[in-house]
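Read the structure below first, then the notes.
The values are calculated or read from the model by the stated rules, or taken from the named source; none is laboratory data. Since this is a predicted model, take the numbers as computed values, not measurements. Here the Cβ positions follow ideal geometry from the backbone for every residue, glycine too, while neighbour counts run over all protein chains shown. Surface areas here come from the heavy atoms of the whole protein model, side chains and all, with no ligands, DNA or RNA. Shrake-Rupley method; radii C 1.70, N 1.55, O 1.52, S 1.80 Å.
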Amino acid sequence: MSVNAPRSVTELQAIVRDNERVHVVGNGSKTALHNAHDGAASAELSGMTGIIEYQPSEYTVTLRAGTPVRDLAAALSQQGQYLPCDPLMGASATIGGTVACNLAGSRRYRYGGVRDFILGAEVVDGLGRAFRVGGKVVKNAAGFDLSKFLVGSLGRYAIMTELTFKVFPDAPSFRSLRLDYGPLEEALRAVYFINQSAFELDALDLIPGARGWSLLARLAGYDETLPQRVERFSSAMARETAPLDIEELADSGSLWNPLADLAGGCLVKVALSPKQIPAFEAALAGARRRYSVGGNVAWVATDEVDALDAALQKLALTGLCLRGAVKSAVIGEPIDNVLAQRVKQVLDPYNKFM
Amino acid sequence: MNRAFFAALESIYPPQRLLTRDVELLPYESDALTAFSAKPGAVVLPVNEAEIVDTVRLCHDHAVPFVARGSGTSLSGGSLPIPEGLTIGLNRLNRIKKLDPQQRIAVVEPGVINLSISEAAQPYGLYYAPDPSSQSICTIGGNIAFNSGGAHCLKYGMTSNHVLGMKVVLADGTVTKFGSESVEGVGIGPDLIGLFVGSEGLFGIALEITVRLMPQPEVYRTVLAAYDDLGRAGDAVSMVVASGLLPGAMEIMDRLAIEAAEASVKAGYPDAEALLIVELEGESIQVNTEFERLQGIIQQSGAFELRVAESEAERTRIWKGRKGAFSAVGRLSPDYIVQDGVVPRSRLGEALLAINALKVKYGLEVANVFHAGDGNLHPLILYDGRAVGALEKAEALAGEILALCINLGGSITGEHGVGMEKRDYLPAMFSEEEIDIMQALRRSIDPREIANRGKMFPGGEAPALKLQGLHPLEKAGVISRE
Ligand SMILES: Cc1cc2nc3c(=O)[nH]c(=O)nc-3n(C[C@H](O)[C@H](O)[C@H](O)COP(=O)(O)OP(=O)(O)OC[C@H]3O[C@@H](n4cnc5c(N)ncnc54)[C@H](O)[C@@H]3O)c2cc1C
């Protein structure tokens, strides 16, 4: 296997043209995605980094795909802004990998996911063509929107070299609460109550504990009004959802990193809806897990991927393995779709990206 | 349309849902881009999914072009019939199949009217966020085709951002599903929803759509600011953005639009060169604090009058003028063209000055109404279609506005789509190779190019809005302008 670190789009195009199989690596942080690609030339985008254009007043940022997510977050926060889909900030995660795998953290709850904030991209496809998809302004309805298609595309259709996102002003302050419930059903009932209330949470996660289930809730806003809002939220929750306990926690990045307690084993993302959680729980048999984004994303750490695979298949759910030794990064219900196949025929007819 | 095809249609549809007589076809000959009309070969009115799928398969087998039609409110000629093609009217598929307030989702048929979703969700404190001004008549299917937006899309996005799942029939008759009831939508694997939404009816027909609902904000705080200069209103928008506030909506209207709105809905707007509407929404405690900041900013921005909506009735009145602006301007003039270009927000002032200069150059009136928060302009170019050469002049002016938007780094369309109207401008935005790739994509899904043939891509055989003189099909009497 040859390893290449192109410094430019032209070099990348040459790699694609000159090799029968090409496998893209951002920084290699999602190890499970790189297991099954022996024999392919690998193209490491870690050399294609940097912010190209950032205009805070436009709410847009354009950057190279190999840029570490941390660098982007730092640049945005200097201007009081953030990328609301909340890319997971592993030490070496790149923005290209974030898009390819469609990975978002808990704060995705407030305004939306990667698909909701991507505006456009420059790509190199399987024929070595370099071209632009989408736009650079916050609104654009011209042409087919292939930029959204890239979200979750796992590098199988085209290699992203440059990306444009919409960004938002970030809140100056945060407060976090833990609300404890007994059985899962009660915690879910609290989620449904929040779903139909006008409380605007910055994040909402659901975590299993030794004695029951807890909700982690975060409010964002101004220092001067947050205490009042926290008070209002807590009393409404106490009144309507009867938690066993409500405790304010010290707000911190690690509290809101859904993967913080999931080190070790295979790490799997599953997209599901809150009402699927009980059946999923029954099939999971105790793997370590956290439900993020109001119960719409499950993060699971397990040593028994095959069992998880079978459980997912039974429920017609799909999982994406991000870490660990697996045959295929996608487990559970297969993701083949006829519309995706048609796109594949156009962008990568020779299966260079597999 | 050959006999065999027609006979097959007759086996699917009873006569009252298979329209062929001139008087029956008349209502389907145009959409809201009324400068053009074309006579379809027939119109069918399916009442269920199976009929749609059978019809599309039939069209594919017989290579008969078709256009799906919701309410026909497209402003870009998207639902203009294909001469001698089939128009598939979807209004009868108007059921909300499921509404799950706990998970905040609804599953709807494509002919459901945008506003009816919000009406159904209202008792649960929820609503469907994308709010095109046409929301009381346009359908979700049409919204999907154009990724439609509205005044309140700054914060929560356009149609695409609110669709979680879809079942579609592709143009070659293949039925497929993607997405889910999770807010993640597709979640794992390429985001096919993002690809399908905005494809202008060229990939096929959406049969069933899962949308996400949002909780109704606890409060709205709306302010109307009057300026004696349009540029100053534009600057105020930049000041709001720079302050770190994230309003739900920021809209500007210029003098002509104000006067028109005033004359038609009597919104009680002040006499001004420009009006800015800014609306904050959310939890009351948070919004009240934000609103104080907002008022401070607006005061500094040189507004000569500032009105705060003190009641829901006042808020409704402020919006009524804005939402009715298109139709109101329509009353000022026998005909008008609505443009939909986008410019980077920081270049709004520049764009407006340039449009003013174009007005003078062409001797035509242009009213400006726009989604200032995202740089989406809606210049309404007024002309009298009965005057010789007036339409051509208006179109030339429209063309210059589009070129301007591209030169300023923006787009030819923010939400109305390319359709028929702007298809000749697509090459100004995308390279030949990029257009080739889009066309290849289209053919991979629709090898016979039957779905909405003649739209979005330059050339083709459907009637095109030509910049000069009559279109050949007009000369041949196939299409006509009203
Ligand atoms: C007064 C007025 C105000 C407007 N304001 C706005 C606005 O604020 N924002 C905005 O974005 N637009 C606006 N529009 C434009 C228009 O209302 C939108 O484009 C709307 O989405 C069209 O919906 P429709 O049901 O009328 O679709 P139609 O005009 O019937 O069809 C539009 C396109 O959708 C395709 N289509 C229809 N149904 C389906 C389906 N099920 N599957 C696939 N394709 C389908 C058609 O083939 C066609 O290409 C306005 C129009 C008017 C007349």
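Data for the structure
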item: Criterion violated by residue A:224 - all others in (1) within 14 Å of chain B (Cβ to nearest Cβ); (2) assigned to a helix (DSSP H, G or I); (3) surrounded by fewer than 21 Cβ atoms within 10 Å (Cβ to Cβ) satisfied; result: (2)
item: Qualifying residue in the stretch B:367-382 (condition: open to solvent by 50 Å² or more (accessible area, probe 1.4 Å) and not aliphatic (A, V, I, L, M)); result: no
item: Of all residues making up the stretch A:332-350, the number that are of a type in the set (D, E, K, R) and closer than 19 Å to residue B:187 by Cα; result: 3
item: Qualifying residue in the stretch A:44-59 (condition: open to solvent by less than 20 Å² (accessible area, probe 1.4 Å), among the charged types (D, E, K, R) and without any contact (Cβ under 8 Å) to a residue 40 or more places away in the chain); result: no
item: Condition check for residue A:112: at the interface with another protein chain (Cβ under 8 Å from one of its Cβ atoms) and either at pLDDT 95 or above or open to solvent by 20 Å² or more (accessible area, probe 1.4 Å) (or both); result: yes
item: Within the stretch A:1-24, tally of residues that are under 15 Å from residue A:125 (Cα atoms) and either assigned to a strand (DSSP E or B) or at pLDDT below 90 (or both); result: 3
item: Evaluation of residue A:254 against (1) open to solvent by 60 Å² or more (accessible area, probe 1.4 Å); (2) part of a helix (DSSP H, G or I); (3) polar (S, T, N, Q) (one fails), failing number; result: (2)
item: Condition met for residue A:270 (of a type in the set (Val, Ile, Thr) and within 14 Å of chain B (Cβ to nearest Cβ)); result: yes
item: Exclusive hit being among the β-branched types (Val, Ile, Thr) and farther than 29 Å from residue A:338 by Cβ, set A:123, A:151, A:133, A:191; result: A:191
item: Filtered residues of the stretch B:420-439 (kept if closer than 21 Å to residue B:145 by Cβ, open to solvent by 40 Å² or more (accessible area, probe 1.4 Å) and of a type in the set (D, E, K, R)); result: B:424
item: Leading residue by the ranking (nearest to the other protein chains (Cβ to nearest Cβ)) among those in the stretch B:91-121 that are within 25 Å of residue B:58 (Cβ to Cβ) and in contact with a Pro (Cβ under 8 Å, 6 or more places away or on another chain); result: B:93
item: Residues of the stretch A:273-287 that turn out to be open to solvent by 40 Å² or more (accessible area, probe 1.4 Å), more than 14 Å from chain B (Cβ to nearest Cβ) and either among the aliphatic types (A, V, I, L, M) or under 14 Å from residue A:206 (Cβ atoms) (or both), as a count; result: 2
item: Test result for residue B:88, within 12 Å of the ligand (Cβ to nearest atom) and either within 14 Å of chain A (Cβ to nearest Cβ) or outside any strand (DSSP E or B) (or both); result: no
item: Subset of the stretch B:181-209 [within 25 Å of residue B:123 (Cα to Cα) and either within 13 Å of the ligand (Cβ to nearest atom) or surrounded by fewer than 24 Cβ atoms within 10 Å (Cβ to Cβ) (or both)]; result: B:181, B:208, B:209
item: Qualifying position, being in contact with a helix residue (DSSP H, G or I) (Cβ under 8 Å, 6 or more places away or on another chain) and part of a loop (DSSP other than H, G, I, E, B), among A:200, A:185; result: A:200
item: Test for residue B:273: is it in contact with a Lys or Arg (Cβ under 8 Å, 6 or more places away or on another chain), open to solvent by 20 Å² or more (accessible area, probe 1.4 Å) and of a type in the set (D, E, K, R); result: yes
item: Residue A:252 away from chain B (no Cβ under 13 Å) and either in contact with a Lys or Arg (Cβ under 6 Å, 6 or more places away or on another chain) or on the phi > 0 side of the Ramachandran plot (or both); result: no
item: Every residue from the stretch B:134-146 that is within 6 Å of the ligand (Cβ to nearest atom) and away from chain A (no Cβ under 13 Å); result: B:134, B:138, B:139, B:141
item: Filtered residues of the stretch B:147-177 (kept if crowded, with 24+ Cβ neighbours inside 10 Å and away from the ligand (no atom under 14 Å from the Cβ)); result: B:164
item: Total residues in the stretch B:113-133, condition surrounded by fewer than 23 Cβ atoms within 10 Å (Cβ to Cβ) and near the ligand (Cβ under 7 Å from one of its atoms); result: 1
item: Subset of the stretch B:84-119 (residues that are touching a Gly at 6+ places or on another chain (Cβ under 7 Å) and modelled with pLDDT of 95 or more); result: B:85, B:86, B:90, B:91, B:92, B:93, B:94, B:110, B:111
item: Restricting the stretch B:390-423 to residues that are among the small types (Gly, Ala, Ser), touching a residue at least 40 places away in the same chain (Cβ under 8 Å) and within 14 Å of chain A (Cβ to nearest Cβ), the residue that is farthest from the ligand (Cβ to nearest atom); result: B:409
item: Test: residue A:155 is open to solvent by 10 Å² or more (accessible area, probe 1.4 Å), more than 8 Å from every other protein chain (Cβ to nearest Cβ) and assigned to a loop (DSSP other than H, G, I, E, B); result: yes
item: Index of the failed condition, residue B:39 passing every other in (1) in contact (Cβ under 8 Å) with a residue 12 or more places away in the chain; (2) farther than 30 Å from residue B:386 by Cβ; (3) touching a helix residue (DSSP H, G or I) at 6+ places or on another chain (Cβ under 7 Å); result: (2)
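To keep it simple, each residue is scored yes or no on (1) more than 8 Å from the ligand (Cβ to nearest atom); (2) farther than 15 Å from residue B:207 by Cα; (3) assigned by TED's automatic domain parsing to the domain that holds residue B:173; (4) among the polar types (S, T, N, Q).
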{"residue": "B:52", "(1), (2), (3), (4)": "yes, no, no, no"}
{"residue": "B:58", "(1), (2), (3), (4)": "yes, yes, no, no"}
{"residue": "B:62", "(1), (2), (3), (4)": "yes, yes, no, no"}
{"residue": "B:67", "(1), (2), (3), (4)": "no, no, no, no"}
{"residue": "B:71", "(1), (2), (3), (4)": "no, yes, no, yes"}
{"residue": "B:77", "(1), (2), (3), (4)": "yes, yes, no, no"}
{"residue": "B:83", "(1), (2), (3), (4)": "yes, yes, no, no"}
{"residue": "B:102", "(1), (2), (3), (4)": "yes, yes, yes, yes"}
{"residue": "B:111", "(1), (2), (3), (4)": "no, no, yes, no"}
